[in-house]
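Participant: The following block contains the structure, expressed as structure tokens.
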Amino acid sequence: MKIGITLGGGLAKGAFQFGFLKAFLEYIPKEDIEIVSASSIGILNAYGLCADKMEEVEQIWKTSDFNNIFQVIKACYFHGFIKKTMYSLIQPEDELKIPFYATMTYLPFWLVGRYYLLEGKYHKNWRKFSCASMGFPFITGWPKFYKCCLTIDGGAFDNMPIYPLMEKHSLDLILCIHFDSKYILKDSWRKNSDTIVLDLDASLGNNLRKSSFNFNTSVLNKMLEGGYEYGIRICRKIFEHGYGNLEGIRTSVNELYEEEFQERMKDGTIDRVITTLNGFSQLFRSKKAIKPLIKDKKRRKENG
């Protein structure tokens, strides 16, 4: 089975997303994951998955400890928390066993962004790029200069970056984990595509509505555990007819969506604000926005 994964942004709620990923990997062969896309904090989790560094990323989640948003802002703006974290995680011996797209937003307009593909062996640009694509103004850092352009968190452009997976890849199943209950997948993708899309609002029923800025260690560990338990429950449901049974998986995914839809429409989270901004940027998305981070010609030259 050919699987893709989309990891949306959500600040501290990325711990829940990571817990879900751990559970998902217990139900599928990792080699079946062909491509991943990520935005904002989802980039941290994507790197852990694609570079075989799940244990390192889990430690980051388990040891981070900020009691309120002001401590988060202080750590990011004045102590370089994101830079220190990503530079420590991303090492010259790393290799991405699974390629992944990461979003980046260009200023002065949040409408303009890119889906950059990271793949293969370590490149020196990965560190700087990851920091530039995870810095949201007034919360997690100043805008950054990347390749002579002023950039911010890719979530401002597309916080649920399923677009490159649907437009550039032929997949059997896409797992999309986000935190906006009112996010609705395009009908053409959900109903009229051969690809099965498991669109999960991980906030639903998991008490995560106010957890975006809560980086307290005990809360993060509870989210890791909660995400894992939720992942086990969802995987049991979607694979109840057997792994590889696409019709059975499609039936289970549709049933799950119908069960949760009405409840999702009643709910609301801060992530709705970001998704609303994304609604405007949709007008500017095209396949031209999907690019390799490092061009083959440049990589060959640097490798001699």
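The values are calculated or read from the model by the stated rules, or taken from the named source; none is laboratory data. Here the structure is a predicted model, which is why all the values come from computation and not from measurement. Positions of Cβ are generated from backbone atoms using ideal geometry, with glycine treated the same way; all protein chains shown enter the neighbour counts. All accessible areas refer to the heavy atoms of the entire protein, side chains included, with ligands and DNA or RNA removed. Shrake-Rupley method; radii C 1.70, N 1.55, O 1.52, S 1.80 Å.
Participant: Over region 1-153, what is the relative contact order in whole percent, taking alpha-carbon pairs under 8 Å and six or more residues apart?
Facilitator: 22
Participant: What residues qualify as long-range amide H neighbours of Phe66, i.e. H under 5 Å apart, gap of 5 or more or another chain, H built at 1.01 Å from N?
Facilitator: Here Phe215, Asn216, Thr217 satisfy the definition.
Participant: Also: Starting from the Cα of Asp52, step 7 Å toward the Cβ, then list every residue of region 87-101 with an amide N under 17 Å from that point.
Facilitator: 90-100
Participant: Sticking with this structure for a sec: Say R0 is 22 Å: what FRET efficiency, to the nearest 0.05, do Thr217 and Ile69 get from their beta-carbon distance?
Facilitator: Plugging the Cβ-Cβ distance into 1/(1 + (r/R0)^6) gives 0.90.
Participant: Using a 1.4 Å probe and counting only protein heavy atoms, arrange Met54, Met86 so the residue with the most accessible area comes first.
Facilitator: Output order, biggest surface exposure first: Met54, Met86.
Participant: If you don't mind, another one. Could you sort His123, His169, His79 by their accessible area in this structure, using a 1.4 Å probe and putting the largest first?
Facilitator: His79, His169, His123
Participant: Moving to a separate point now. Please turn the phi angles of region 211-228 into ³J(HN,Hα) values with the Karplus equation 6.51 cos²θ - 1.76 cosθ + 1.60 (θ = phi - 60°), one per residue in order, whole Hz, x for glycine and proline.
Facilitator: For region 211-228, the Karplus curve yields 9, 4, 10, 9, 9, 5, 4, 5, 5, 4, 5, 5, 5, 4, 5, x, x, 5 Hz.
Participant: May I ask which of Lys53/Lys124; Lys74/Lys124; Lys22/Lys147; Lys2/Lys168; Lys30/Lys237; Lys53/Lys121 have a Cα-Cα span longer than 23 Å here?
Facilitator: Long pairs (Cα-Cα over 23 Å): Lys74/Lys124; Lys22/Lys147.
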